[in-house]
Amino acid sequence: MARGENQESQTGNVPAASAAAGPKPASSAAGKGAEGQSVVRRLQSELMALMMGGDPGVSAFPDGDNIFNWVGTIAGSAGTAYEGTSYRLALAFTAEYPYKPPKVRFDTPCFHPNVDTHGNICLDILQDKWSSAYDVRTILLSIQSLLGEPNNDSPLNTQAAALWANQEEFRKMVEKLYKPAA
């Protein structure tokens, strides 16, 4: 398993249907009890901070009425191979948040050295470098930054990692594989 991979297990032969299904919904028990209510309050607070913060190119909102499942959006930064693109992310929180990171994956296909074909992300703060001081804003800004500054020492997509050195060809591949969210 690649260092920092944001997935519990990687077997290499994950059925496409289950991998494409996205993060599993949080348990209905997640919002019950004092601990669950604490998580709900934290997520509500983070939502308000995101709405008021005005960080360019990042946003996230609960997916429907479930505060434990969010849809995030990040825009590719100017001056990178991702300029002009916008990516949809799925964020799934558990009752252990913020002490455990949410499961985060790309819903929009993303050709990147640290993103596999199922949208799983290799980012240290989503794994072993997680801190309860991080929040949704931090996660989104970190992923946005990762687009322009991959960690080629820990690639999930070796083709993208090999092509990264040739930015012109890399950009062509990004454009070829990019499918904007509907």
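The values are calculated or read from the model by the stated rules, or taken from the named source; none is laboratory data. Quantities reported herein were computed from a predicted structural model and do not represent experimental measurements. Positions of Cβ are generated from backbone atoms using ideal geometry, with glycine treated the same way; all protein chains shown enter the neighbour counts. With ligands, DNA and RNA removed, areas are computed over all heavy atoms of the protein, side chains included. Shrake-Rupley method; radii C 1.70, N 1.55, O 1.52, S 1.80 Å.
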Legend entry - Amide hydrogen neighbours beyond the local backbone of ASN120, cut-off 5 Å, H modeled: PHE106
Inset, instruction - Would you pull out the residues with amide H under 5 Å of THR85's amide H, same chain only if 5 or more places away, H placed 1.01 Å from N? - result: GLY76
Legend entry - Mean Cβ neighbour count within 10 Å, used as a protection proxy, ranking 92-98, 165-171 highest first: 92-98, 165-171
Inset, instruction - Order the following by accessible area, largest value first: MET48, MET173. Probe radius 1.4 Å; ligands, DNA and RNA are ignored. - result: MET48, MET173
Inset, instruction - Starting at the first residue of the range 144-155, write each ³J(HN,Hα) from the Karplus equation 6.51 cos²θ - 1.76 cosθ + 1.60 with θ = phi - 60°, in whole Hz, x for Gly and Pro. - result: 4, 5, 4, 4, x, 9, x, 9, 6, 6, 9, x
Legend entry - Difference of contour (0.36 nm per residue) and Cα-Cα distance, ASP153 to ASP55: 32.4 nm
